[in-house]
Amino acid sequence: MAGRWLRHSSWRRAMLLSGRCSLRLPSAGKGASSRHCSGTAVLQKTEADPGVTEEEIVVPRKKTWDKLAVLQTLASTVNRDPTAAHYMFQDDPYLLPRNYFESRLFSLSRESGKNAAKYIVNEFPRFFEKDIAEPHIPCLMPENLTPQIEEVSEAALKERIQLRRVKASVDMFDQLLQAGTPLSLETSNRLLDLLCFYGDREPNGEDQSEQKEELGESEEEVPDQRRRKGRSRKTSDFIGPKWRENNNAERIFNLMPERNAHSYCTIIRGMVKHGACVRAHDMYTDLLNDRHTADVYTFNALILAVPEVKENYIERWELVEDLLNHMVQQKVQPNLLTFNAVLKTVRKCGGMGKGISLKILREMKALNIEPSLATFEHLLGIFYKSGSMEMIYEVMDEIEGKTFVARDPDDDNFFVSAMRICFSLKDVDLAYRLHKVLETGDNWKLIGDAQRQSLYCARFFSLLCMMEQLDVILKWYKELVPSLFYPNAQVMWDLLQALDTANHLEMVPQIWKEIKQLGLSNRPELLEEVLALMAREIHPQETQMSFANCAADIKSIFETRERNQVPLGWTSSALGNIAILFSRVGRIQEAWNMLELFKKNNRVPSDKVMNEILTCTKQSNTPDQAVELVKLAAAFGLPTTAKLARRVIEEFELSEEQKNVLEDADSQSSDSSDSDTD
């Protein structure tokens, strides 16, 4: 149908373009040149008098512009600033986040402030009655949520339903029932819609403590929620509060003197939404017994609830087949959400899902239903779980160059799931293709919330760190951080490994600045890795100076105890690497301070640490410190004490007294080594 519409519109545009004609001015002679004009004003010669021209004015078709067309056009001229945080944080520089947790905290705080302001405006509208905006802006004025009709009537009930007052609507219904006032089926269904949508609770968050108590009770009351250990939460585990047994929705449904298909479909969808899946299928049986037919949205909900109803894979698929056969018998046309619901259920049917999913795709193609991103995500989940990786390449061939719009609530799962598979396959070319699809048109809007976007970018960048050259990695780092995501400790560790692989360890101090800016300087694994990379090899003096400054910075972090944070504990490797970095630039006193920290924290330095400090001592030509170093090695019980003593004797000018001290230390270390051997 879409293809026919496109062919028809193309044919129509061709006819309009071919309507351009040569227009000869009436005053011009034969030799006058003709000019072209559009077909909106055509001069035609009449058959009665060829010498007279008659002007026919054709009114052009009206062009209706979207209200945001001008803003969208202006926005298209501005590119994203990769160096800036999200625009929501730019109003207050103090609240510019440094990492994902701060960005989430600040964004939630912002929304919380908006909700608090909205609550004050709606709760105390008398303080905001003055309207100074010209023209009037209704959305900035307090909402009138106070019922105006006081008497007990059906009109009062409709008003409370319109205002989404759940408790007030139920109270009015009970008063009408006690007064014997009959209600129309339409009004009863509207009340049922309100109760099932909100789960028989107020939508605005009032009485939250009461709702929490009711939620705890409902978890004990609902018998059809099978709690299986180790099972992940499913779709029906659920958004919002759980369905309570014999709640107002069920009570009003049972009190209705007349019920139609809408009544049944509403309560079935409400039960599925709030977790009463088994009861929803029982209610569907009642619908069939009353000779009603369900709509497509009710079938979609019932299909999604199948994994909660049946445990066995074969029984699940048989129940789905029964529901699909019922749709055929009731002449209910399936839509995209129907097939996506089937695929989502098939994902929980084990190995039999591969063959079934291909049949579902063929059925969609036969019905001319275009798949959405959620469809492809379910396919990837089915095939990836069974170990088949070729599906990701077929999906990429299908979606490349296309733009998508949100058609299913699960559309925002596709990009994260696809990037997870790319990361698992270590296929960087496939990841590039996926990212290109994300950047096509407005597909970036379908990546999901900030958490999904951060997860997508983290996996993409980690894959680049493993597979790409360093210059490409740094280019993508500048492109993604901080405008799209804030790296976590694992991502920064991967970046350090990329520096190590590329043999560009001189950039470690620069990455250390990024780690501090991102608020990750309190992560022990990052500190250990930074120190290990800097201390592993000897570099030019300028690089060693920057390494030593980084080491001093890390040392201050270990010694600083911030409030509400567990202090970092010194390890032998951290102490030793810092001592080595200080020794290589001649900062002998700071290196000796690190040796004191070894004793203070009951840690033992390695042979490499002692040799590096001795080399630094030789450069400063301080025999006394060299002797003290040997005595300290003997106190630690190091097996290399004798080697250190002989090295000091060979490389330093010592007095007789100092030589005797070293000989004693050598003999003590030899005795201790012999005893250890025995």
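The values are calculated or read from the model by the stated rules, or taken from the named source; none is laboratory data. Predicted model only: the values in this text are computed from it and were never measured. Using ideal geometry, Cβ is built from the backbone for each residue, glycine included, and neighbour counts are taken over all protein chains shown. In case anyone asks, the SASA skips ligands and DNA or RNA and just uses the protein heavy atoms, side chains included. Shrake-Rupley method; radii C 1.70, N 1.55, O 1.52, S 1.80 Å.
Counting other Cβ atoms within 10 Å, which trypsin sites (Lys or Arg not before Pro) in segment 75-124 have at most 12 and lie in a DSSP loop? Walk me through the intermediate numbers first.
Working: sites: Arg80, Arg98, Arg104, Arg110, Lys114, Lys118; in loops: Arg80, Arg98.
Passing both the DSSP loop test and the Cβ count: Arg80.
What distance in nm separates the simple spin-label points at Tyr87 and Ala179, each placed 7 Å from Cα in the Cβ direction?
5.1 nm
What is segment 45-195's relative contact order, in percent, from Cα pairs under 8 angstrom and six or more apart in sequence? Each step should come with its number before you reach the end.
Details: 69 pairs, mean separation 15.2, N = 151.
Rounded, it is 10 percent for segment 45-195.
Summarise the accessible area of segment 315-473 (1.4 Å probe, protein heavy atoms) by the percent that is carbon and sulfur. Walk me through the intermediate numbers first.
On the way: 3760 of 7370 Å².
Carbon and sulfur atoms account for 51 percent of the accessible area of segment 315-473.
In whole Hz, what ³J(HN,Hα) sequence does segment 338-354 give by Karplus (6.51, -1.76, 1.60; θ = phi - 60°), x for Gly and Pro?
5, 5, 5, 5, 5, 5, 5, 6, 5, 4, 9, 10, x, x, 6, x, 4
Each residue of segment 517-530 in order: what ³J(HN,Hα) in whole Hz does its phi give by Karplus 6.51 cos²θ - 1.76 cosθ + 1.60, θ = phi - 60°, with x for Gly and Pro?
Listing the rounded values in order: 5, 7, x, 9, 6, 9, 8, x, 5, 6, 4, 5, 5, 4 Hz.
How much length, in nm to one decimal, is gained on full extension between Lys359 and Leu425, taken as 0.36 nm per residue of separation minus their Cα-Cα distance?
Working: separation 66, 0.36 × 66 = 23.76 nm, distance 2.67 nm.
Gain on extension, Lys359 to Leu425, equals 21.1 nm.
So which of Lys478/Lys516; Lys385/Lys478; Lys344/Lys445; Lys608/Lys631 end up more than 27 Å apart by C-alpha? All intermediate terms of the calculation are to be shown ahead of the outcome.
Numbers: Lys478/Lys516 16 Å; Lys385/Lys478 34 Å; Lys344/Lys445 22 Å; Lys608/Lys631 16 Å.
Where the Cα-Cα span goes over 27 Å, the pairs concerned are Lys385/Lys478.
Can you pull the one-decimal nm distance between simple spin-label points at Asp624 and Ile538, each 7 Å off the Cα toward Cβ?
Simple spin-label model gives 2.8 nm for this pair.
Could you derive backbone 3J(HN,Hα) for segment 173-183 from the dihedral phi with the Karplus parameters 6.51, -1.76 and 1.60 (θ = phi - 60°), listing whole Hz in sequence and x where the residue is Gly or Pro?
Here the 3J(HN,Hα) series is 4, 5, 5, 5, 5, 5, 6, x, 7, x, 10 Hz.
Using only the alpha-carbon atoms of segment 481-638, report the extent along each of the three principal axes, biggest first, to the nearest angstrom.
56, 38, 21
Given a 1.4 angstrom probe, what's the average accessible area per residue across segment 477-568, in square angstrom? Before the final figure, lay out the partial values.
Details: 4590 Å² over 92 residues.
Here the per-residue accessible area is 50 Å².
At what distance in nm do the modelled label points of Val78 and Thr146 sit from each other, each positioned 7 Å from its Cα along Cα→Cβ?
Between Val78 and Thr146, the simple spin-label model gives 4.1 nm.
Determine, from the Cβ-Cβ distance of Ser153 and Thr293 and an R0 of 35 Å, the FRET efficiency 1/(1 + (r/R0)^6), rounded to the nearest 0.05.
Details: r = 33 Å, r/R0 = 0.95.
Computed FRET efficiency for Ser153 and Thr293 comes out at 0.60.
Which of rounded, prolate, oblate describes segment 329-444, given a ≥ b ≥ c as roots of the alpha-carbon gyration tensor eigenvalues and a/c under 1.5 marking rounded, otherwise prolate only if a/b is larger than b/c? Present the calculation step by step, with values, prior to reporting the outcome.
On the way: a/c = 2.15, a/b = 1.34, b/c = 1.61.
Here segment 329-444 falls in the oblate category.
Loop-only GluC sites (Glu not before Pro) in segment 470-546, please: DSSP not H, G, I, E or B, and at most 10 other Cβ atoms within 10 Å.
Values: sites: Glu479, Glu506, Glu514, Glu525, Glu528, Glu529, Glu537, Glu542; in loops: Glu537.
Qualifying residues, ordered by number: Glu537.
If the chain between Lys167 and Arg98 were fully stretched, how many nm would it gain, using 0.36 nm times the residue separation less the Cα-Cα distance? Let's see the in-between values first.
Details: separation 69, 0.36 × 69 = 24.84 nm, distance 4.39 nm.
That works out to 20.4 nm of additional length.
Could you please state how large a percent of the accessible area of segment 538-641 is carbon and sulfur, counting protein chains only and using a 1.4 Å probe? Spell out each step's value before the answer.
On the way: 2470 of 5130 Å².
Carbon and sulfur together cover 48 percent of it.
Hey, which lysines would be in cross-link range of Lys114, C-alpha to C-alpha under 16 Å, not counting anything within fewer than 8 residues on its own chain?
List returned: none.
For each pair in Lys599/Lys643; Lys354/Lys402; Lys242/Lys354, compute the distance between the two Cα atoms and list the pairs where it is over 30 Å. All intermediate terms of the calculation are to be shown ahead of the outcome.
Details: Lys599/Lys643 21 Å; Lys354/Lys402 25 Å; Lys242/Lys354 33 Å.
The pairs that break the limit, which is 30 Å between Cα atoms, are Lys242/Lys354.
How far is the Cα center of segment 403-420 from the Cα center of segment 103-165, in Å?
34 Å
Provide the net charge surrounding Leu614, with neighbours chosen by a C-beta distance below 12 Å and charges set as Lys +1, Arg +1, Asp -1, Glu -1.
Numbers: positive: Lys608, Lys618, Lys643, Arg646, Arg647; negative: Asp607, Glu612, Glu628, Glu650, Glu651.
Charge balance near Leu614 sits at 0.
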